[in-house]
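See structure below.
Quick note: the coordinates plus some simple rules give every number you see, no bench work behind them. All of these numbers come straight from a predicted model, not from anything done at the bench. Cβ sites come from the backbone with ideal geometry, for glycine too, and all protein chains shown count toward neighbours.
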Amino acid sequence: MSHSLGGKEQDDAFNTLRHELVKAPVLAHPDPTQPFVVTTDASKVGLGDELSQEDAQGQLHPVAYFSRALTKRERSYPTYDREVMAMRDMLKHFRYYLLGAQVVMRTDHKPLLKILEQKDLLDEERH
């Protein structure tokens, strides 16, 4: 059964999009001399992380993925705690890639962004 979206140009665009959405992403080989970009996220049911690196053109390519379901107890945690847990689990899971490497952390959780934007994560009064 074929559906038309109005014309050849629209049909071609739709078919290209459909093809891109169903093809599996190819994992890039990690380059320990280049920075890693880590994207983390948490929902009410699970955690997900992506480890990626930029190519010479600045395009991000996935190196590895990590995800897991939350336990019943973890599902009751506040959003902030789940987001921090996603980062903690990511650091543990990808530690062999990240040890000694430059790392850029990405999250969509605004309170966590404020903390990550600090130059020094230690409280000034503790020095």
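Rounded to the nearest 20 debye, the dipole magnitude of region 27-120 is 560 debye, with +1 charges on Lys and Arg beta carbons, -1 on Asp and Glu beta carbons, and the Cα centre as origin.
Among the trypsin sites (Lys or Arg not before Pro) within region 60-96, those in coil by DSSP and having at most 10 neighbouring Cβ atoms inside 10 Å are LYS72, ARG73.
Where Lys and Arg each count +1 and Asp and Glu each count -1, what net charge lies around ALA69 among other residues with Cβ under 13 Å from its Cβ?
Taking every other residue near ALA69 into account, the sum is +4.
Among GLU50, GLU74, GLU20, a tally of other beta-carbon atoms within 10 Å of each Cβ gives an order, fewest to most, of GLU20, GLU74, GLU50. Backbone amide hydrogens, once placed in the peptide plane, bring MET105 within less than 5 Å of VAL38, excluding anything fewer than 5 places away on its chain. Using the Cβ-Cβ distance between ALA13 and GLN102 with R0 = 41 Å, the FRET efficiency computed as 1/(1 + (r/R0)^6) comes to roughly 0.60.
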